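The values are calculated or read from the model by the stated rules, or taken from the named source; none is laboratory data. Just so it is clear, the model here is predicted, and its values are computed rather than measured. In this analysis, Cβ positions are derived from the backbone assuming ideal geometry, glycine residues included, and neighbour counts consider all displayed protein chains.
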Amino acid sequence: MIKRFLLIIRLFPCVFVIFYLASCQINSTTQVFPELTFQHLKLLSLNVAKLEIVNSYNQPMSSPNVDHLFHIPPAGALSSWAKDRLNANGTNNFARFTIIEASVTETRLDKKKGIIGVFTNDQSERYDAVLEAKLEIFDDSGNSKGFAKARATRSVTVPEDSSINQREQAWFILTEKLIMDINAELEKNFLKYLSEWSN
């Protein structure tokens, strides 16, 4: 009986290490998000010979900005939108699609204090996202012939007990909804201001 007890004592550290490593393995699992594509949407065909896609937004890469931490940053999603939806189908002139802003900032929210705070799961952070872009048409000499702009904003809050995976899921949904907002705005303004350049 004593020998068996001593054997269990000796094995306990090994069992603890195994469970600890298994726990780390589970917690380190990264989420796999679907790719944001827009090929299922109708092409916006432009009567131009060439299309340029320019990202003029420089990520600050520091607080309060968090867009650089996203699995799919808004700027990347908007660039994919332009590649999937815009099509140069002419013989002269050119178009330029410019990503002006694609930021997401984090704001810490006030939480309830005292005994109420102990029993309350507050919203701890708010994420404010902004997307802005411009589609411009130029003649072969570089003179601007017309443009259409669009801007979209969205916000989301997360509770204080959110896991990393839950937070990243909230970011992904925020990006997905934001890109569909600006998609609708760009399409509307394209038809309104650049209809003579549609093909």
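If you go through the stretch 154-176 and pick out every residue that is among the polar types (S, T, N, Q), surrounded by 13 or more Cβ atoms within 10 Å (Cβ to Cβ) and either in contact with a Ser or Thr (Cβ under 7 Å, 6 or more places away or on another chain) or farther than 18 Å from Asp122 by Cβ (or both), you end up with 2. Of the residues making up the stretch 63-72, one or more are modelled with pLDDT of 95 or more, surrounded by fewer than 12 Cβ atoms within 10 Å (Cβ to Cβ) and over 15 Å from Ile179 (Cα atoms). Looking at Phe172, Phe190, just one residue is assigned to a helix (DSSP H, G or I), closer than 15 Å to Ala95 by Cα and of a type in the set (Phe, Trp, Tyr), and that residue is Phe190.
In the list Ile116, Ile137, Ile164, which residue meets the criterion of being closer than 18 Å to Ile100 by Cα and either modelled with pLDDT of 95 or more or not hydroxyl-bearing (Ser, Thr, Tyr) (or both)?
Going through Ile116, Ile137, Ile164 in turn, just one is closer than 18 Å to Ile100 by Cα and either modelled with pLDDT of 95 or more or not hydroxyl-bearing (Ser, Thr, Tyr) (or both): Ile137.
If you go through the stretch 142-199 and pick out every residue that is touching a residue at least 12 places away in the same chain (Cβ under 8 Å), under 17 Å from Asn47 (Cα atoms) and polar (S, T, N, Q), you end up with 3.
Here Gln123 passes the criteria (1) at pLDDT 95 or above; (2) at negative phi; (3) in contact with an Asp or Glu (Cβ under 9 Å, 6 or more places away or on another chain) except the one numbered (1).
For the stretch 136-174, the tally of residues that are farther than 24 Å from Thr107 by Cβ and out of contact with any Leu (no Cβ under 7 Å at 6 or more places or on another chain) stands at 10. Here is the figure for the stretch 177-199: residues that are surrounded by fewer than 16 Cβ atoms within 10 Å (Cβ to Cβ) and under 15 Å from Asp128 (Cα atoms) total 1.
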